[in-house]
Structures are given as C-alpha cells and as structure tokens.
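Encoded as structure tokens, the structure appears first; notes follow it.
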Amino acid sequence: MDKKEILSRLYRELAGTLNISETMTNEIVNSYKAVGSYLGNMEQALDINIYPQGSLSLGTMVRPIKEDEEGDYDVDLVCLLKNGQHLTAKEMKMIVGQRLSESDRYGAMLDEEGKRCWTLQYSDYHLDVLPCVPRTLQESTDTKIRLSHKDDNGIYSACFSNPKAYKEWFIGEMGTVFSQIREQYAAKRNVEIEEIKLFQLRTPLQIAIQILKRHRDIMFADKDNKPISIIITTLATKAYVGESDIFETISNIINKMDSHIEYDGDGNVLICNPTMREENFADKWKDIPEKKDAFHAWLHKARVDIIENPLNFADGMDSLMENMRATFGTKVVNETFEKYAEKAAVEREQGLLGINNKGNIIARENKEAVVPLKNHTFYGGE
Amino acid sequence: MIHPISKRKLTVGQQLCAIRRFFPDVRIRNKNGNLSIFLYLQPTPMSRFYPIEIKIHRSTYTEVWLVGSIQKIDDIEFPHHYRIDKENNRVRLCLYHPKKFEWDRGTSIAENLIPWTCEWLFYYELWLGNGVWYGGGEHP
C-alpha cells in the first residue's frame, strides 16, 4: 500500500465518521414529513410539499464541530406551495410562518423570522423551512421556484432558485461512478434502484466534499467569511472528472476547483448555479472582498493539509494522526484511525496481507509482497 | 490454522538464508554462536524505520528487540512486550502466544517473526498516536 492508498483509506473512513448517522437521518426525515403534513392539512388548497435541499439531499452533510456525539445539524428544506403562484413574496412567507406559530408544537420551536426561511429548533438539529412557489403559472416540467427574500429594511422581494435541477446536475456530473455505486448498493442491500436516496450512497465526490467542508469548518471555527457550502460543492463538482479513487478525487478537486471560478466584464467573481446562470453564489464577494481572500486562503490551506503535508512530511502514523487532528478535529480523527486499524486486523485474519522487503504491510497479492502476514496472537504485558 | 510440532526443525543456516533472501539489507553478527540479526523495518510508507535486533541464542531460542530511541518507553501501558531495558534503550517484543503453537524452532523467522514485528510496529505507531492498542492479543 503506498501513501496515496493509505490516505484514500483514511479519507474514506474520515468521511464515514463525518457523515450523519442513519438514525439521525431517519429522525430528521420523520420530523420534516410531520411538518409537511401539518402544513398540508392546514393549507389544503395550496398543496404543500416539503422536501430537502442542499447537503441533506446531496449526501454531503457533515457532523457539526461540537465534540459531543451529534451536534446541531443544519437542515435545509424546500416548502413548496404548489398552488401558490399568485402569492406575493410576503404572503407566501407569512402563511407558512403563521401556520407554524399557531401550532402548539411548532410555535414553541420557532425562531425569529429569517431572511428567507423559518427555523424550527429541535434538540439535535434545526430545520430551515424555505417557503416558495413554482415559478411558472401552468403545469410544466420547469422545476424553478420563486422564494421570498426579506432585506434589512423589512422589504420582501422575489428570488429564484432550482434545487431539484441542481441535484440532477450533481448526479449527472458523477457519471458512471454514480450508477456503479448505486447498483452496488442495491445489490448489497437487496433494494430497488428507484428506492435509493442520494444521501444513502457514498460516492468519491460526496466523500471529497465532506472532507473539504470539515476542513473549512475547523479553519473558520473562530473566523469570519467562511466559504459557503454551495460554493465548495459547486466548484468541487465542476472539477470532478469521474475519478473513483478517493485520494485522486480529492487532490484533483483541490488542484482544479479554482479554475472553475469565472469573472464578469468588470472583473467580479462569478460562481454560477450551473442550472440557473443568473444565480451567482459569490454575489457577496463583490461587496465583501474579504470573502474572496478567505476562499483562496482556505483552498491553499486545504491543499497543504490534505495533500502536500500527508504525502511529503508524514513521520509516522502517529504524527499523521496528530496533524489530522489539528486539521479535522480530535474525535473524528480518533474514530477514523480506529476504523482503519480494525479493517487492517480483519484483513490479516482473512490472510489478505503480506509485507515487502522494507517491512511495509501491503496486500498479499501485490507483486512486491515477499512474505505473507500470518495469523498470530500478540502476547505479554503492558 | 494451528499446526503443532509436526514441522521439521529449521537450521540456523536455513533461517539466515531465508532472511537474506527476503530482506537483503540485514546485517548479521555472530558472537560465540549467538547470532544477532539487525534490520530496519517500516510498517507503512508513512512510518519511521525502526531498528530491530533478532537474537538467536545458540540455535535454541529467539528474541526480537526494538532498539534505539524508543518513544514512550516509560509509559506503563507500553504494549505487548516481555521486557523493557531502559538502560540500553530497548524493548523485547512479544509477538506470539507461547501456548498456541504459533512459534517453535521449526518456524521461519523470515516468514513469521519479521512480518509479526512489522505488524507490531504498525499498531505501535497507532498506539503512540491514540493510546489504544488495536492489534488484539492476550495478556498473561
């Protein structure tokens, strides 16, 4: 196993520990479905439909950096009032807010009005419920939505977005890697392909994005201008060219993602929603240039921490572990190495390992393996 | 799995021959019939190279020592070992269960003790980092 293979394994385990648990996912899904049916019953004529957008729907959520078991997850939900095309920006926001606040259950959990959403606070997560309506009047395949934006002066205006198309684009950019992984998942769990949700899969792109987001969360724990997830996700997806190896995926993304930043005629940064060019995810960079600097500082540090230092300066797995703790957080890194070690133990038990003439533990079938690593029992005192 | 006694004893010459074949960089010293085999082992490409001395006492029993500056040699939880010789900066490693027939004089050093040492070093580095021994095993 060379350095890159070790890092691929470690990064896969790391993303696994960063990933939201299945139990927590189910709890969140049940919660938002309950919100959806409550709102749906209250406003039957509007035909309300709630579904996740953002990292939950893409499978790129990461554990919050609080060191306890499960911190406060941020869940973005589209709350589509399917028959609400006639509503103004203010009306759509008020209807949802009104219904939530008059509920005994949700009224108590409701935060103050946000710019675009209503937030319901649960013990381990919060749901950001985004009221919106279809952009088009007539039934069509257009999935664009019109949402409501409240500015600092209390004025409501319309904004547009298209989370469904974004998700389709995200899946499409993964190409055959996505379909292969989905087929493997279906075969392993004996389920129909149509029933599989994107967030149940672990593709190299999802893994890379989770690692990048965690790196960002730690770097910006006490700093302003943290690069937003949608920018990282969009540029990473654009840079991804279908690699299947984890280390290769993440290093190519880090090396290429800034080449997908565009500029308008005045030199302003454009990181466009690929499914809706008029939406610029970096629109705030124009007024707050520190955001641009922060993004580039982050990308530089990610390159050093995730690629260069582990490849060039690792001096023992213990020092790699130490560096990774500083980069990704103590608890997740300890768990990562635990899983890594457990897998190595299982491989030895199965007779899959051997060593080369330096003593490196490698796959037994590797040409460099000079002798197999047989089973034995470490003995003796501590 | 476990194969007791039936193997033929390997001569010291056969042992050395196998070690040289697989690990050409070894150095071997003979002192009054006691052999010392020195080699550096690196359990992963991310790891340090650890100096190891394997002693064969008058063709009868074998000891594996980790030598040189040893991190956390003072730790009371230093993992699987027979002896810590702080004065000489060395630790005798415990790599197999004496009662499970994992090792006898018929067992190849090159094919057993050395790979087991590599694995010990693999878990040792993780132990240095985490304070947890993930390699399993038993304590007397």
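The values are calculated or read from the model by the stated rules, or taken from the named source; none is laboratory data. Source: prediction; values computed, not measured. As a convention, Cβ positions derive from the backbone with ideal geometry for all residues, glycine included, and neighbour counts pool all protein chains shown.
Of the residues that make up the stretch A:85-95, is at least one of a type outside the set (A, V, I, L, M, F, W, C) and either at positive phi or in contact with a helix residue (DSSP H, G or I) (Cβ under 6 Å, 6 or more places away or on another chain) (or both)?
Let us first name the residues in the stretch A:85-95 that are of a type outside the set (A, V, I, L, M, F, W, C), namely A:85-86, A:88, A:90-91, A:93.
Then keep just the ones that are either at positive phi or in contact with a helix residue (DSSP H, G or I) (Cβ under 6 Å, 6 or more places away or on another chain) (or both); that gives none.
No, that holds for no residue.
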Exercise. Tally time: how many residues in the stretch A:227-251 are of a type outside the set (D, E), surrounded by fewer than 18 Cβ atoms within 10 Å (Cβ to Cβ) and over 15 Å from the mean Cα position of the chain (by Cα)?
Worked result: 3
Seminar exercise, completed: If you go through A:K331, A:K301, the only one that is surrounded by fewer than 17 Cβ atoms within 10 Å (Cβ to Cβ), of a type outside the set (S, T, Y) and over 23 Å from A:I228 (Cα atoms) is A:K331
For this session: Consider A:E338 carefully, then state whether it is more than 25 Å from A:Y166 (Cβ to Cβ) and either within 14 Å of another protein chain (Cβ to nearest Cβ) or surrounded by 14 or more Cβ atoms within 10 Å (Cβ to Cβ) (or both).
Result: yes
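For the condition surrounded by 14 or more Cβ atoms within 10 Å (Cβ to Cβ) and outside the structural domain of A:I253 (by TED's automatic domain parsing), what is the one hit in A:Y156, A:Y185? Step through it out loud before you land on a result.
Values: A:Y185 fails: outside the structural domain of A:I253 (by TED's automatic domain parsing).
On inspection, the qualifying residue turns out to be A:Y156.
Rundown of residues vs (1) under 17 Å from A:G54 (Cα atoms); (2) modelled with pLDDT of 95 or more; (3) touching a strand residue (DSSP E or B) at 6+ places or on another chain (Cβ under 9 Å), yes/no style:
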| position | (1), (2), (3) |
| --- | --- |
| A:E91 | no, yes, yes |
| A:I95 | no, yes, yes |
| A:Q98 | no, yes, no |
| A:T119 | yes, yes, yes |
| A:D124 | no, no, yes |
| A:D128 | yes, yes, yes |
| A:D142 | no, no, yes |
| A:K150 | no, yes, yes |
| A:Y156 | no, yes, yes |
Exercise. For the stretch A:23-46, which residues satisfy the criterion of being surrounded by fewer than 16 Cβ atoms within 10 Å (Cβ to Cβ) and either basic (K, R) or touching a helix residue (DSSP H, G or I) at 6+ places or on another chain (Cβ under 8 Å) (or both)?
Worked result: A:K33
Seminar exercise, completed: So, first residue without any contact (Cβ under 8 Å) to a residue 40 or more places away in the chain in the stretch B:70-90, second residue among the polar types (S, T, N, Q), Cβ within less than 9 Å, six or more apart or across chains; the pairs are B:I70/B:N89; B:I73/B:N89; B:N89/B:S69
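Listed here are the residues, each with its yes/no results for (1) touching a residue at least 24 places away in the same chain (Cβ under 8 Å); (2) within 19 Å of A:D217 (Cβ to Cβ); (3) within 27 Å of the chain's Cα centre (by Cα).
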| site | (1), (2), (3) |
| --- | --- |
| A:Y11 | yes, yes, yes |
| A:L14 | yes, yes, yes |
| A:T17 | yes, yes, yes |
| A:V35 | yes, no, yes |
| A:M61 | yes, yes, yes |
| A:V75 | yes, yes, yes |
| A:C79 | yes, no, yes |
| A:H86 | no, no, no |
| A:M92 | yes, no, no |
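Listed residues A:G154, A:G242, A:G172; which is without any contact (Cβ under 8 Å) to a residue 60 or more places away in the chain and not in a helix (DSSP H, G or I)? Give the derivation first.
On the way: A:G242 fails: without any contact (Cβ under 8 Å) to a residue 60 or more places away in the chain; A:G172 fails: not in a helix (DSSP H, G or I).
The conditions single out A:G154.
What are the residues in the stretch B:18-61 that are in a helix (DSSP H, G or I) and loosely packed, with under 13 Cβ neighbours inside 10 Å, if any?
Of all residues in the stretch B:18-61, those in a helix (DSSP H, G or I) come to B:18-22.
B:R21, the sole residue that qualifies.
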Exercise. When you scan the stretch B:83-106, how many residues do you find that are at the interface with chain A (Cβ under 10 Å from one of its Cβ atoms) and modelled with pLDDT under 80?
Worked result: 7
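Please find, among A:I95, A:I65, the residue that is β-branched (V, I, T), under 27 Å from A:F170 (Cα atoms) and surrounded by fewer than 23 Cβ atoms within 10 Å (Cβ to Cβ). Write out each step before concluding.
Numbers: A:I95 fails: under 27 Å from A:F170 (Cα atoms).
Criteria check complete, one pass: A:I65.
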Exercise. Which pairs do you get when a residue that is within 7 Å of another protein chain (Cβ to nearest Cβ) and part of a helix (DSSP H, G or I), found in the stretch A:309-328, comes within reach of a residue that is polar (S, T, N, Q) and surrounded by fewer than 22 Cβ atoms within 10 Å (Cβ to Cβ), reach meaning Cβ atoms under 7 angstrom, with the pair 6+ apart or on two chains?
Worked result: A:M321/B:N130
Exercise. Does the stretch A:133-145 contain at least one residue that is β-branched (V, I, T), in contact with a Lys or Arg (Cβ under 9 Å, 6 or more places away or on another chain) and in a strand (DSSP E or B)?
Worked result: yes
Problem set entry | Residues that are more than 19 Å from A:Q44 (Cβ to Cβ) and either in contact with a strand residue (DSSP E or B) (Cβ under 7 Å, 6 or more places away or on another chain) or surrounded by 13 or more Cβ atoms within 10 Å (Cβ to Cβ) (or both), drawn from the stretch A:102-115 | A:M109, A:L110, A:D111, A:E113, A:G114, A:K115
For this session: Give me the pairs, please: first residue somewhere in the stretch A:182-195 and farther than 17 Å from A:L58 by Cα, second residue anywhere and β-branched (V, I, T), beta-carbon distance under 8 Å, and either six or more positions apart or on two chains.
Result: A:E183/A:I193; A:A186/A:I193; A:A186/A:I196
Exercise. When you look at A:I48, is it in contact (Cβ under 8 Å) with a residue 40 or more places away in the chain and over 30 Å from A:I361 (Cβ atoms), yes or no?
Worked result: no
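Scan the stretch A:349-382 residue by residue and report those that are within 20 Å of B:V132 (Cα to Cα) and either within 7 Å of chain B (Cβ to nearest Cβ) or assigned to a loop (DSSP other than H, G, I, E, B) (or both). Outline the logic, then answer.
At the first step, the residues of the stretch A:349-382 found to be within 20 Å of B:V132 (Cα to Cα) are A:349, A:361, A:376-382.
Of everything in the stretch A:349-382, those that are within 20 Å of B:V132 (Cα to Cα) and either within 7 Å of chain B (Cβ to nearest Cβ) or assigned to a loop (DSSP other than H, G, I, E, B) (or both) turn out to be A:I361, A:H376, A:T377, A:F378, A:Y379, A:G380, A:G381, A:E382.
Among the residues of the stretch A:12-22, write down those that are of a type in the set (D, E, K, R) and either surrounded by 15 or more Cβ atoms within 10 Å (Cβ to Cβ) or modelled with pLDDT of 95 or more (or both).
In the first step, residues of the stretch A:12-22 are kept if they are of a type in the set (D, E, K, R); the result is A:12-13, A:22.
Those that are of a type in the set (D, E, K, R) and either surrounded by 15 or more Cβ atoms within 10 Å (Cβ to Cβ) or modelled with pLDDT of 95 or more (or both): A:R12, A:E13.
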